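The values are calculated or read from the model by the stated rules, or taken from the named source; none is laboratory data. Keep in mind that what you see is a predicted model, and the values were worked out from it rather than measured. Positions of Cβ are backbone-derived with ideal geometry, glycine not excepted, and every protein chain shown enters the neighbour counts. With ligands, DNA and RNA removed, areas are computed over all heavy atoms of the protein, side chains included. Shrake-Rupley method; radii C 1.70, N 1.55, O 1.52, S 1.80 Å.
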Amino acid sequence: MCGISGAVGLNDISQELYEGIRNLEYRGYDSCGVALVNSKGLVLKRNIGGVEEFYRKENVLRQKSRIGIAHTRWATHGKVTRENTHPLASNDGAFAVVHNGIISNYRFLREKLSREGFRFKSETDTEVIPHFLEYFYKKSKNVEAALAKTVEALEGTFALAFITSHQPDQIYCAKRESPLMLGISDEIKYLGSDFNAFIDHTKNAIIIEDGEYAVISRDSYTVKDLATGDEIDKPIQKIEWDSESSKKGGYPHYMLKEIHEQPQTVNNALDIQSSLTDGMVDLIAESDQAYLVGVGTTYYVAQFGQYMISNLAEEFLPAISADEFVALAKVDKRSMALALSQSGETYDTLTALKYAKSKGAKTGAIVNVMGSSISRFVDKFIHQGSGPEICVISTKAALSQMVLLTVIGLKLALRKKLIGKKEFQKRINELKELPEIIHAVLNERSGFIHRIAHQYYKVKHWLYLGRGVYYPIALESALKMKEVAYVHAEGMPAGFLKHGTLAMIDQDIYSIVFIPPRTDKELYQATLHSVEEIRARSGFVLGIHFDERGKNKDLFSEELILPPVSPLIAPLLQLVIAQLFAYFTATSLKRDVDKPRSLAKSVTVG
Amino acid sequence: MKAVILAAGKGTNLAPFSTTRPLPMMRVAGKYLFDSILSQLKNSGVNDVFVVVGHQKEKLIQRVNESANNGLNLQYVEQARSSGIGNALMQVKSKISPGEYFLLIYGDTVAASNIFSKIQQSFHFFKCGVASICLPPANSMFGNVFLNAQMSITKIVEKPKGDEMGNYVLSGVYILPYTFFDLLKKNKLSMEKAIQEMVETDGLRASMWEDEWLDIVHPWEILSANRILMDSWEESSISKSAVLESNVTISGTVRIESDVVIKAGAVLEGPCSIGSGCYIGNNSLIRSYTSLGNHCSVGYGVEMKNCVVLDHTDIGRLSFIGDSVLGERVDIGSGVMTVNRNVDWKPVRVKNNKGALDTGRLKLGAFIGDNVAIGAGNTIQPGTVVAPGKIIPARYSITGK
C-alpha cells in the first residue's frame, strides 16, 4: 500500500506536489521521496519517515521544479531504508519511477536484468521497472514504446509513474489494478493514487483504467491503450466536492462550528487576566456616567450588560446603539463609554468612541480582534480571545462578551461592597459551570431543537419574548433568526404584549418565550402569565424553560427543556439554544448560513 | 479510496419485501437503492467498490455483474452465514491493505445528497477515522454520540431507552483504518464494541450530515425513502420512446422511462416515476410520490398516491392504491381499495408476525409481498401486511349459487 502523486505545470509545482503527497499519507507512510527536474537533469530526494518530516529534513521545498513525482511508501518488499525508498532510478539516471502495487515476478526479472549487466541498489520489486525502461529505451529511442515493452514484462499489480531526462516536460503513468487518476486544471496537470492528491486544486478527474497509460504535460494529456497504443477518449469526471467544506473540520457550516466552540470561548473569557477587567471596573466606577455602546448584535450585548450590571451592581449604565450615540449621549470628561465590537473595526462604534473622546470622556472596549482600530483607539481594552469568527453571524464572540460584562458587573458589586468576597467567588464559580453545561446541552438537546426547527421552519412571524435580563436575550435571539434565516422575528419585553401587541396574536403568529428558572420567583411567575395571555388567544408558544417535563402541562405548544442551572447563567444558556434554533431553521430553509445576504463581517461604512 | 457496502443482512423487519430480496434491491423513486449508492459513490470520486452479499445474494450478484462496467471497479464478496455486521465486514479484510483507510457503508441507509463526498471532505481534513453523524427523527434505535468542539467522539450510547436524548447519531457511513479489523477481532466481531474501543483508543472524528437521511428498518420507511429521493430531483425527464396520448396532464417533476404508454385523460402529478414499459390506462390519476417499477399496468380510472410499486405488477381498473408498497408481479383485481386511514384518525398500526407496530402515521395503506394476487372488490385494512405468494379471492355481493 503506497500513494503516488505527480504534477507538471508552467511554473514551480513543488508546493502542489508536497500537498498532494501529504494528502495521500493516509495510504500508509514509513518513507517518502520525490523526483524533480532541474537544469542539470533529474534530482532525487528520499528518506525514511513521514512526509512532513522528510520535507523538513531534506529541505525539499527549496528545490524548484515545473515537474515532479512523489511517493509515500508502506513497505511490502524490502525493509524500510533510504535505499528502498521510491523514486527508484535507472542505472544511467535517465528514469525515475514511483510505484504502488506488487510486481509478482520480480525475482525472475531481477535475474534477467542482472545478466544484462544492470546493478540493483535496492531490495524492492519496483527497481526492475526503471532498469527495463532504460533497457528498452536504448533499443527503440522511444519512451512510450519502452513503457509498453516494460509493462508487458511485468506480472502483478501496479500504478506507476515516471519522469525521464529524455522527455523532461512529461510525466508518464500506467495502471493495472492499483488505483490511478489524473487531475486536470488549466495551470497544472496532476496524477495521484486518488483525488486527495489534487482535490484542493481541481475537481476535474480522469480515471485511468486497467491496461491504460497516460502522458501528461503542462498543457495537455493523452490516455492510450497499453497493448495497442491507440488513443482513448476519456471523459472528465467532476468530483462532487466542496473544498471550503473540508476546512470546516466535519461541521457543515462555520456558524455551527462556532456555536460548538462556545464552551471553549467562555472558558477563554473567564481566564482573562484579572487586572484587565479590574481596569475596566475602575474606569466605570471613577466616572459619573458610563455608557455601554454597540451596534447590531453588540447593541444587544450592551443591553444585556445594562440589565446584568443593574441587577448585580445596582448601577445604571445605559446601553446605546452606536449609530445613535452622538444624538443621545451626553458625554463630558466625567463620563466613560465602554464599547463592544467583534472585529474592532465597526464604523458606527468607532465614530461614537471618537465623539466621546472629543468631549474628554474616557473610553474602553471589549474586542475580539487584536490590533484592530478600536483596540488601538481606546484608553483601556480587553481582548476577549474567542478566536477567529468566520461566520458572518456572531455567536461565540457575542456570548463571550456577555460573560465578560457579567464578570464586570460582579466586580463592580464587590467594589461597592454589595456582595462579599465569598459571595463573589460563589457567583464566579457559577459562571465557570457554564462551559460544561453548554457542552452537555449541545450534545443532548441538538436533536430536539432540530426537530422543532424543522417542523416550524415555514412559520413567517415569530415573537421573541422575555422579561428582565431575558429581554435582551430575546432581542439577540430574534436578530439571529432575522440575520440567518431571513424570517421575521421580533424581540419584545413580555410585559409589553398587553399594551397593544396582543391584538396581533392568532394562529399565524408564533411566540418563543424565555422562561427564567423557578428560583427567580417573581420573574418566573410574570413570564408564565404572559404565556397564558398568548395561549388564551390560541397563539402558539414555544417555551424554553428549566422545569421538569410535564410541570407546565398544556401551557406550551412546544417546549425545550434545559437542565436546572443558576439564574446567573440561565439566560446565557438560553441564548445558545436560540442560536441553534435559528441555525436549524436556516438550514431547513436552505439559506447560505455562513454568508447571509445583506450582511458583512464587519460593517466599516457609515 | 476503496468502498465497502454491507448488503448481506436479512432485514427481518422489512417483511414482506425483505423475504424475497436484499434491501438494496428495492426499487425506490424509480431506481434500485443499490444503484443510488453506486452513483453517489462514483460522483464522490470512489472507484473500487466491494459489496458484501448474503441474504438473497443472487439478485444482488446479478446486479453487481450488470453494473460492473459503469466506470466502477465493482466486486462482490460472500458472507456465508448471516451473523452480524462485524462478520460481514471481516469478509473484505483481504481486499484492504495494511495502512489503508476505506469507506464503509451500511446498505440500508438513504441520503438525499452525496453523503460520501461529505465524509471524504471531513477525512481530507482530519486524516484519521471518521464517522458520519446526523440528527434522526428518533434516537432510540441508534448509537448516540457525544462530541467535543473538535468533533472528536468522546462517548457513544447505544440504543438509549426513553426520549431524553437528542444527540447526533451514527448514520452508518464511516472511513476506517485497516487496523479496525484487529479491533473487530479483539471484540469478537461486535461492531458496536469495536467502534467503542476505537473511540477510547485511536479516536474517531465525526462528520455532520445535515441533509435528509434515513435508515430503512420498517416497510413504511420505504415510502419515506421514496419521498427523500424524489424531493432531491431537480428536473423532469420523459423518454423519447414514451407515448403520451391526447389530454394527458403532467405537473411537477416526473420521470417517464422508455416505451411507456399513457392513455388519454390520465393526470400525473409529480414528483412521480413511471418505469419502462408501463401502461397507464385512461383517466387514471397518478398523484405525487408514486413510483411505478418497470412493466406495470395500471387500468382505467385508477387513483394512486404516495406508493412504491415494483416491477411487473398490474392494478385493475377503478382501484385506489395509496400510502402503500406493492412487490413484484402483484396482481390487483379491479375495484380494490387500500384504505389508508382509520375512521377515527388514530395513527395506523402495522400488523406483522411480531405483532402490531406503532407507525405514528395518520395515513398508511397496505404492504403487499411479491406474487400476491388480490381478487376484485377487496378493501384492505390500513397497515395490512400480505405475505409473498398469497392469493386472496374476489369479494362478490351477488353470486350465481
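Things worth noting here:
- Selection over region B:190-208 of residues that are under 29 Å from the mean Cα position of the chain (by Cα) and either within 13 Å of another protein chain (Cβ to nearest Cβ) or under 23 Å from B:Ala138 (Cβ atoms) (or both) gives a count of 9.
- Subset tally (residues that are open to solvent by 30 Å² or more (accessible area, probe 1.4 Å) and more than 17 Å from A:Val295 (Cβ to Cβ)) for region A:364-386: 7
- Neighbours by Cβ (under 8 Å, 6+ apart or cross-chain): first from region A:70-96, under 16 Å from A:Lys57 (Cβ atoms) and charged (D, E, K, R); second open to solvent by 50 Å² or more (accessible area, probe 1.4 Å) and outside any loop (DSSP other than H, G, I, E, B): A:Arg82/A:Arg46; A:Arg82/A:Ile48
- Inter-residue pairs, beta-carbon under 6 Å, first assigned by TED's automatic domain parsing to the domain that holds B:Gly281 and open to solvent by 30 Å² or more (accessible area, probe 1.4 Å) and in region B:311-331, second assigned to a loop (DSSP other than H, G, I, E, B) and among the aliphatic types (A, V, I, L, M), 6+ apart: B:Glu328/B:Leu310
Residues checked against (1) within 14 Å of another protein chain (Cβ to nearest Cβ); (2) in a helix (DSSP H, G or I); (3) open to solvent by 30 Å² or more (accessible area, probe 1.4 Å); (4) farther than 16 Å from B:Phe116 by Cβ:
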{"residue": "B:Leu6", "(1), (2), (3), (4)": "no, no, no, no"}
{"residue": "B:Arg21", "(1), (2), (3), (4)": "no, no, no, yes"}
{"residue": "B:Lys42", "(1), (2), (3), (4)": "yes, yes, yes, no"}
{"residue": "B:Val49", "(1), (2), (3), (4)": "yes, no, no, no"}
{"residue": "B:Val64", "(1), (2), (3), (4)": "no, yes, no, yes"}
{"residue": "B:Tyr76", "(1), (2), (3), (4)": "no, no, yes, yes"}
{"residue": "B:Ser83", "(1), (2), (3), (4)": "no, no, yes, yes"}
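- Unmet criterion (only one of (1) away from chain A (no Cβ under 12 Å); (2) touching a residue at least 12 places away in the same chain (Cβ under 8 Å); (3) out of contact with any helix residue (DSSP H, G or I) (no Cβ under 6 Å at 6 or more places or on another chain)) for B:Ser94: (2)
Okay, residues lined up against (1) on the phi < 0 side of the Ramachandran plot; (2) open to solvent by less than 10 Å² (accessible area, probe 1.4 Å):
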| site | (1), (2) |
| --- | --- |
| B:Asn114 | yes, no |
| B:Ile119 | yes, yes |
| B:Ser122 | yes, yes |
| B:Ser132 | yes, yes |
| B:Pro136 | yes, yes |
| B:Asn148 | yes, no |
| B:Lys159 | no, no |
| B:Met165 | yes, no |
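- Residue match in region A:331-338 (condition: over 30 Å from the mean Cα position of the chain (by Cα) and among the β-branched types (Val, Ile, Thr)): yes
- Residue within region B:260-282 that is over 30 Å from B:Thr384 (Cβ atoms) and of a type in the set (Gly, Ala, Ser) present: yes
- Enumeration of residues in region A:407-432 that are open to solvent by less than 60 Å² (accessible area, probe 1.4 Å), more than 15 Å from A:Asn311 (Cα to Cα) and either of a type in the set (A, V, I, L, M) or outside any loop (DSSP other than H, G, I, E, B) (or both): A:Ile428, A:Glu430, A:Leu431
- Residue ID - nearest to the other protein chains (Cβ to nearest Cβ), chosen from residues in region A:433-466 that are touching a strand residue (DSSP E or B) at 6+ places or on another chain (Cβ under 9 Å) and assigned to a loop (DSSP other than H, G, I, E, B): A:Tyr456
- Complete set of residues in region B:233-257 that are open to solvent by 50 Å² or more (accessible area, probe 1.4 Å) and outside any strand (DSSP E or B): B:Glu234, B:Glu235, B:Ser236, B:Lys240, B:Glu245, B:Ser246, B:Asn247, B:Gly252, B:Glu257
- Which numbered condition A:Glu532 fails, given (1) more than 24 Å from A:Val484 (Cβ to Cβ); (2) open to solvent by less than 30 Å² (accessible area, probe 1.4 Å); (3) not in a loop (DSSP other than H, G, I, E, B); (4) not small (Gly, Ala, Ser): (2)
- Flag for A:Glu483 being touching a Leu at 6+ places or on another chain (Cβ under 7 Å), open to solvent by 30 Å² or more (accessible area, probe 1.4 Å) and in a strand (DSSP E or B): no
- Residues in region A:194-205 include at least one that is free of Cβ contacts under 8 Å to residues at least 40 places away in the same chain, at the interface with chain B (Cβ under 10 Å from one of its Cβ atoms), open to solvent by less than 30 Å² (accessible area, probe 1.4 Å) and over 22 Å from A:Val51 (Cα atoms).
- Of all the listed residues (B:Asn139, B:Asn144, B:Asn226), the sole one being modelled with pLDDT of 95 or more, closer than 30 Å to A:Arg591 by Cα and not aromatic (Phe, Trp, Tyr) is B:Asn226.
- Within region B:383-401, the set of residues being of a type outside the set (Ser, Thr, Tyr) and under 21 Å from the mean Cα position of the chain (by Cα) comprises B:Gly383, B:Val385, B:Val386, B:Ala387, B:Pro388.
- Residue within region B:178-189 that is touching a Lys or Arg at 6+ places or on another chain (Cβ under 6 Å), open to solvent by less than 10 Å² (accessible area, probe 1.4 Å) and either among the acidic types (Asp, Glu) or more than 13 Å from every other protein chain (Cβ to nearest Cβ) (or both) present: yes
- Those strands (runs of 3 or more DSSP E) lying entirely in region B:154-220 with at least 2 residues over 30 Å from B:Phe17 (Cα atoms): B:168-177, B:205-209
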